[in-house]
Amino acid sequence: MAFIPIDRTVKQIVLTVQEYSLFAGRAFLNLFRPPIYWTDFLIQSDIIGFGSLPIVILSGFFTGGVLALQSSATLSAFGAAAVTGQFVSLTMVRELGAVLTGIMVSGRNASSIASELGSMVVTEQIDAMRALGVDPMRKLVTPRIFASIAMLFFLTIVADAFGIAGGAAVTVFLNHQDGTQYFHMAYEHLHYPDIIQGLVKPLFFGYLLGSIGCFYGMRTTGGTEGVGRATISAVVNSSVLIIAVDFLITHVLLAIFA
Amino acid sequence: MNHAAASAPSSPAPEPDAGPVVALRGVSIAFDGPPVLKDITFSVAPAETRIVLGPAGVGKSVLLKLILGLLRPQNGSVLLFGEDISRMSEEKLFPLRSRAGMVFQEGALFDSLTVRDNVAYQLIQEHVPDEETDSRVREALSFVGLEETFGLYPPSLSGGMKRRVAIARALIHQPELILYDSPTGGLDPVTSTTIIELIVKQRDVHAAPALLVTHRLQDAFTLCNHRFDAEQNRMVPLPAGQTNPNTTFLMLEEGRLIFDGSLDELLHSQISFVREFLE
């Protein structure tokens, strides 16, 4: 295994962070400056949004189910099995719906964005686009980030809904509790600050997964092997950053809504 | 520059007062390692076709990318259409680049678009009406002899067909400069000749300045001693001893420009690397 001096590694990390910051900043400004390629935005929305629907529905449903199973067992010990609905809905809406959807969509789309753009880089398609007078940042990057933000917002709502439904299914069919009570508790204890918390997060997560996927794709080097490396980096970094940023956002939002 | 004594009058002569279309002054570039190009200086005059020779990995493709501003030099300046693009912002470069056409080594066609959309890429971005776009695409495809590929996708084309479509894409906008990056690399001799014929046709019919990168001497010599006969609609050899006066040569060795001159000067050069390359 090659020995890489620590200072060189640190410099590379700092350089990558600097490059990503510049890239993400430019991509963010492009969201508000014409030309915006609406057709590309719609195509990407279909790929990212509709294409991710099955995995989001399934992961949301079963996560809600697991939450109901685990919480019911613990809550029953205190005679509080009736609050399972409250527990599942609050956990899904405030936290798990957004994070889980972010990570699932990141696994599917940050990787596909990185590999698609990476392949375009190594086959000189990006250079060809620039040579034809078209800015790849606006044509390829901005629509993907824009679509990631918009679609993750709606996918999180879907995940929340199916998570609560999964919890209800477990509560009624496995725990043999009252469904009406479950939904009543789920609805009664869900307040606007909880919903705002849950719906602010996917905006950040969408931006992260879209920009990181594009960033690693656009800086691909080293042929097809490089495309593989870019894909792995995109998935790993976007997933880790989603969890890290979730911690920061939760901290800030809890302070705001306390 | 002293061109060959016997020159064929097949191409229009450049305007005497016009400045160079491309000019490089002391250009150097390095990536993670030793310099790829060192102190490169040359220019391309209007209607001139310059052939860049050199072995693989000597920096020929990098040179073309520098000219279009796809890469930035560490030292020196690159003038494109009279404007210094060495430090120009990407946004300001796009309009300049769209005045030039580039044929990439492997074609660099967009896999997800049809041949029609690939060739019409610039026209689509400029919102040219569909009827006019279709008509111009068919005309460009007809120029490269591939009208039947209009609705096909690039993965279904052969290597040679991809290059020809890439040439059509580069030419559809009637560029003021054309850059060819090893257009015949990896192709069989028959397909290579077809591509060279297209380049000769473009040179002699439209007289747009061009820079062609190749390591195949045969292609370079064919370009120099053939002309396009519009009546026969094919490339024909020039009379013995004649060469195209607007087609000249550059040669790179280990990132340095070691030769700049006509075919005659190339053939009589005493530079040892040139002699070795020609043999």
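Structure summary
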item	result
In region B:143-152, the residues that are buried (at least 19 other Cβ atoms within 10 Å of the Cβ), without any contact (Cβ under 8 Å) to a residue 40 or more places away in the chain and not in a helix (DSSP H, G or I)	B:L146
Unmet requirement for B:I85, which otherwise passes all of (1) within 25 Å of B:V22 (Cα to Cα); (2) touching a residue at least 24 places away in the same chain (Cβ under 8 Å); (3) of a type in the set (V, I, T); (4) more than 11 Å from chain A (Cβ to nearest Cβ)	(2)
Residue among B:E132, B:E91 that alone is away from chain A (no Cβ under 14 Å), without any contact (Cβ under 8 Å) to a residue 40 or more places away in the chain and more than 24 Å from B:K60 (Cβ to Cβ)	B:E132
Those residues of region A:179-193 which are surrounded by 17 or more Cβ atoms within 10 Å (Cβ to Cβ) and not hydrophobic (A, V, I, L, M, F, W, C), in sequence order	A:Y182
Residue that is surrounded by 21 or more Cβ atoms within 10 Å (Cβ to Cβ) and of a type in the set (A, V, I, L, M), where the choices are A:I232, A:I196, A:I249, A:I164	A:I164
Residue check, B:S61 surrounded by 20 or more Cβ atoms within 10 Å (Cβ to Cβ) and within 14 Å of chain A (Cβ to nearest Cβ)	yes
Unmet requirement for A:H176, which otherwise passes all of (1) over 28 Å from A:S119 (Cβ atoms); (2) in a helix (DSSP H, G or I)	(2)
Verdict on A:V121 being within 14 Å of chain B (Cβ to nearest Cβ), in contact with a Ser or Thr (Cβ under 9 Å, 6 or more places away or on another chain) and either assigned to a helix (DSSP H, G or I) or not aliphatic (A, V, I, L, M) (or both)	yes
Total residues in region B:95-129, condition β-branched (V, I, T), facing chain A (nearest Cβ under 10 Å) and without any contact (Cβ under 8 Å) to a residue 12 or more places away in the chain	1
Scope region B:101-126; condition hydrophobic (A, V, I, L, M, F, W, C) and assigned to a loop (DSSP other than H, G, I, E, B); matching residues	B:F104, B:A108, B:L109, B:F110, B:L113, B:A120
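Every residue, every condition in (1) closer than 25 Å to A:P35 by Cβ; (2) aromatic (F, W, Y); (3) part of a helix (DSSP H, G or I), yes or no:
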residue	(1), (2), (3)
A:L96	no, no, yes
A:V134	yes, no, no
A:V141	yes, no, yes
A:L155	no, no, yes
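Computed from the coordinates by the stated procedures, all read-outs in this text should not be read as laboratory data. None of these values were measured; they are calculated from a predicted model. For neighbour counting, all protein chains shown are included, and Cβ atoms are generated from backbone atoms with ideal geometry for every residue, glycine included.
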